[in-house]
Structures are given as C-alpha cells and as structure tokens.
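Trainee: Quick one: the structure is below, and I'll ask about it shortly.
The values are calculated or read from the model by the stated rules, or taken from the named source; none is laboratory data. As the structure is a computational prediction, the values presented were derived from the model and not from experiment. Positions of Cβ are generated from backbone atoms using ideal geometry, with glycine treated the same way; all protein chains shown enter the neighbour counts.
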Amino acid sequence: MIQLTHIAENLIAEMYNRSAPVRKLFINNLDTYDINQADSKAVPELQLSVCGQYQFDGAHKVDVAILDKKKYVCIPCEAKLGKDRLGKSEFEKRFLKPCHPSHGGKRLAGSMLAILDGKLPANCQKTPLLTNFMGKTYDLSAKWFLIVRRNTLKSWDKNGQPSLSSNCIIIAFEDLVDLFGGVKEFNALVKELFEFDYYENWIN
C-alpha cells in the first residue's frame, strides 16, 4: 500500500505551487529572505550537485526545493512524516551526525538533514551548497524547512526537541493541508496525482 512517506515530496510541492496561502506560510517564515510568491516554484527531489570540493551521490536530494527563479536561490525543505523513531535521541542519531568526506575526499557523506543544518567539515562550512534545475545553478539558502506531523511536534514539546540549528524552521504537515483547503481538497489532490491502474503499471 502506498504510504504518505512515499508520496509526500510531490504532495508538498503541488500544495505550494497551487495554493497562495501555503506559499505565504513558507515565505512569511523566511524573515530576511525577500522572495516574491510569483517568482517561486517548488520542485520535488532535486539533486544536490557540489559543496566546494565535494560532490554528492544520488541519495542526496532535497525533498522539496523552493526555487527563487529570479535570484537563483533554493530554499530546501525536508519531510519526515513517519510516526516512529522520531524521538529526540533517535532523531539525532539517525539524521544529525556530523558529515564527513568519503570516496577519497571526493564526496561528502551524511544525511540530508545534517547537510542542510550545517553539520559540515570545516573546509566546507563557508562554501555554498549548489543544486541545478533546468540548466541553472541555485545556491541553497542557510534557512531550511523541516516538515513533520503534529504528533511529532507534540512529542518534542513534551520530551525535548532534537538539537537543530536556528536556521531550521519547523512546520506541521497538517497545517499545510489545512491551508490548502482541508480534507476534501487534499483528498482530491492525492487522487489526481496518484490514481492509476496498478496492473497496467506494475505487471504489464
């Protein structure tokens, strides 16, 4: 069965692109970043290219990249929408270990959350993270979004939040759904994007 965690990137990108209230929530949280809604576009699963001397492998993709198409800035968003293993200590062990060079110093190893949160080698900390889209190079912003379930936020409020930097802006997934129009609009979007003939697509 298809789970929310399997399709979240596309759903979040589409909610951003189709809904002015959703875009406003993201943009208003960016404070000093001046992004015009009309100049921005959300793209799911955008591959990181380089950080200084380091390259990235195919697993290093931004879940949802909000692209400022005039300034060539990418605001990265990561979604962790599971219901298990997201407590403070386990979250930190899974996602926030410092990054390190690999492949003879050619690549950077580490989780996407650690990369975006600046847990980088010293020689990479002041070097821009870059990604490419439609032939253009985008600088990743220092600010980034982490999207989780409301129940995860409630657990963090009660038991402690993971040690994320001040550059991380946390948003509840359910808030995006509410701004998109609620249950009816959300269900219609899921049906539009993911309804298909399983037999034709998987068997033939």
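Trainee: Tell me the residue from Asp178, Asp139 that is under 24 Å from Leu11 (Cα atoms), outside any helix (DSSP H, G or I) and acidic (Asp, Glu), please.
Mentor: One residue alone meets the criteria, Asp139.
Trainee: Considering only segment 114-130, I want to know if a residue exists there that is touching a Gly at 6+ places or on another chain (Cβ under 8 Å) and β-branched (Val, Ile, Thr).
Mentor: Checking segment 114-130: at least one residue is touching a Gly at 6+ places or on another chain (Cβ under 8 Å) and β-branched (Val, Ile, Thr).
Trainee: Residue by residue through segment 83-96, note down the ones that are assigned to a loop (DSSP other than H, G, I, E, B), more than 18 Å from the chain's Cα centre (by Cα) and surrounded by 12 or more Cβ atoms within 10 Å (Cβ to Cβ).
Mentor: Gly87
Trainee: Further question on the same structure: Output the qualifying pairs, or none if there are none: Cβ atoms under 7 angstrom, residues six or more apart or on different chains, first residue in segment 129-155 and among the hydroxyl-bearing types (Ser, Thr, Tyr), second residue part of a loop (DSSP other than H, G, I, E, B) and surrounded by fewer than 21 Cβ atoms within 10 Å (Cβ to Cβ).
Mentor: Sorted first by the residue in segment 129-155, then by its partner, the pairs are Thr137/Tyr72; Tyr138/Tyr72; Ser141/Tyr33; Thr152/Leu86; Ser155/Gly87.
Trainee: Among the numbered criteria (1) part of a helix (DSSP H, G or I); (2) farther than 16 Å from Leu176 by Cα, which one does Gln47 miss?
Mentor: So Gln47 meets the others, but not (1).
Trainee: Out of the residues in segment 105-138 meeting the condition of being polar (S, T, N, Q) and in contact with a Ser or Thr (Cβ under 6 Å, 6 or more places away or on another chain), tell me which one is surrounded by the fewest Cβ atoms within 10 Å (Cβ to Cβ).
Mentor: It comes out as Asn132.
Trainee: Listed residues Lys80, Lys71; which is under 19 Å from Ile171 (Cβ atoms) and either surrounded by fewer than 22 Cβ atoms within 10 Å (Cβ to Cβ) or modelled with pLDDT of 95 or more (or both)?
Mentor: On inspection, the qualifying residue turns out to be Lys80.
Trainee: Residue by residue through segment 110-130, note down the ones that are under 20 Å from the mean Cα position of the chain (by Cα) and not in a loop (DSSP other than H, G, I, E, B).
Mentor: Residues satisfying the conditions are Met112, Leu113, Ala114, Ile115, Leu116, Leu129, Leu130.
Trainee: While we're looking at this one, here's another question. Among the numbered criteria (1) surrounded by fewer than 13 Cβ atoms within 10 Å (Cβ to Cβ); (2) within 26 Å of Asn187 (Cα to Cα); (3) touching a residue at least 24 places away in the same chain (Cβ under 8 Å), which single criterion is violated by Asn36?
Mentor: Status for Asn36: all satisfied but (2).
Trainee: Moving to a separate point now. Within the set of pairs 6+ apart or on separate chains, which have a first residue in segment 68-83 that is on the phi > 0 side of the Ramachandran plot, a second that is crowded, with 17+ Cβ neighbours inside 10 Å and modelled with pLDDT of 95 or more, and C-beta atoms under 9 Å apart?
Mentor: Between residues of segment 68-83 that are on the phi > 0 side of the Ramachandran plot and residues that are crowded, with 17+ Cβ neighbours inside 10 Å and modelled with pLDDT of 95 or more, the close pairs are Tyr72/Tyr138.
Trainee: Quick one: in segment 1-11, of everything that is touching a residue at least 24 places away in the same chain (Cβ under 8 Å) and more than 14 Å from Glu185 (Cβ to Cβ), which residue is nearest to the chain's Cα centre (by Cα)?
Mentor: Glu9
Trainee: Another question about this same structure. If Ile2 satisfies every condition in (1) closer than 19 Å to Val177 by Cβ; (2) of a type in the set (A, V, I, L, M, F, W, C); (3) surrounded by 15 or more Cβ atoms within 10 Å (Cβ to Cβ) but one, which is the exception?
Mentor: It fails just one condition, (3).
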